[in-house]
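Colleague: First the structure, then my questions, so here it is.
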Amino acid sequence: MKVTWHGHACVSLYLNDGTRIIIDPFITGNPTSDLVAKDVQADYILITHAHNDHIGDAELIARNTEALIISTVEIADYFAKKGLNTHGMQPGGAFNTGRFWIKLTPAIHGSSYTEQDGNIVQLGIATGIIVKADGKCIYHAGDTAVFSDMRLIGEAGRLDYAFLPIGDNYTMGPRDACKASSFLQPRHLVPIHYNTFELIEQDPETMRPFLPKGVLVVLDVGVEITI
């Protein structure tokens, strides 16, 4: 499996069989992104929650590629009404796509979408996402505060990589992400959702002294790694 961070909370997974997955594809309007939305190729689009900086370019990518959108039932229904391919889930539920296994987890955050005309649509609750494929287990926390039940997420199966927000203000900050890591016990922690805007500027290296040696992996935007 190959993994790339595209700035903010956007992460792509390229599986050994060629399956292309993109999570929270906030590209247009994301000053840190290395992607051009119209050029993105995807088979699956995973969305943690409805905020615009996470849904991002999901509709454009789905129309261009016929990718399957997997998210909460509310978000899936919203896009299904637009004629897109969707699969709805809820926290605690798992689904085997035939190419990978996915489970939605709880998250502490909002989930509303602001349409182009300014209308705000409430679309259920926020989630995290666990993906198992190619013998690896990936956890994308979406936007969330730290919460003690993260222990259950870690106990459900050893996490190879945990992508955790560290921007603070809207999500947990660096120190809370270290606490979350102590609950999750991932082999590697990758900081996301920071330095996109001034309000969420952070230095992920401040986390290193508070984590076991080798756990923190700070990715550069657009750099693909094999895990």
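No value in this document is a laboratory result; all are computed from the given coordinates. Just so it is clear, the model here is predicted, and its values are computed rather than measured. Ideal geometry is used to build each Cβ from the backbone, glycine not excepted, and the neighbour counts take in all protein chains shown.
Colleague: Considering each residue of the stretch 116-134, count those that are within 18 Å of the chain's Cα centre (by Cα) and in a loop (DSSP other than H, G, I, E, B), and give that number.
Modeller: 4
Colleague: For the structure I just gave you, tell me whether residue 28 is touching a strand residue (DSSP E or B) at 6+ places or on another chain (Cβ under 7 Å), at negative phi and not aliphatic (A, V, I, L, M). Before the answer, list the steps.
Modeller: On the way: touching a strand residue (DSSP E or B) at 6+ places or on another chain (Cβ under 7 Å): no; at negative phi: yes; not aliphatic (A, V, I, L, M): yes.
Judged against the criteria, residue 28 is not a match.
Colleague: Six or more apart or on different chains, Cβ under 7 Å: which pairs go from a residue in the stretch 206-227 that's more than 19 Å from residue 158 (Cβ to Cβ) to one that's in a loop (DSSP other than H, G, I, E, B) and not β-branched (Val, Ile, Thr)? Could you list them?
Modeller: Pairs that qualify, where the first residue is more than 19 Å from residue 158 (Cβ to Cβ) and the partner is in a loop (DSSP other than H, G, I, E, B) and not β-branched (Val, Ile, Thr), are 221/6; 221/7; 221/34; 222/6; 222/34.
Colleague: Can you tell me how many residues within the stretch 135-183 are surrounded by fewer than 19 Cβ atoms within 10 Å (Cβ to Cβ) and either among the β-branched types (Val, Ile, Thr) or part of a loop (DSSP other than H, G, I, E, B) (or both)?
Modeller: 12
Colleague: Identify all residues within the stretch 187-217 that are in a loop (DSSP other than H, G, I, E, B) and within 17 Å of residue 172 (Cα to Cα); write none if there are none.
Modeller: 193, 194, 195, 196, 197, 201, 202, 203, 211
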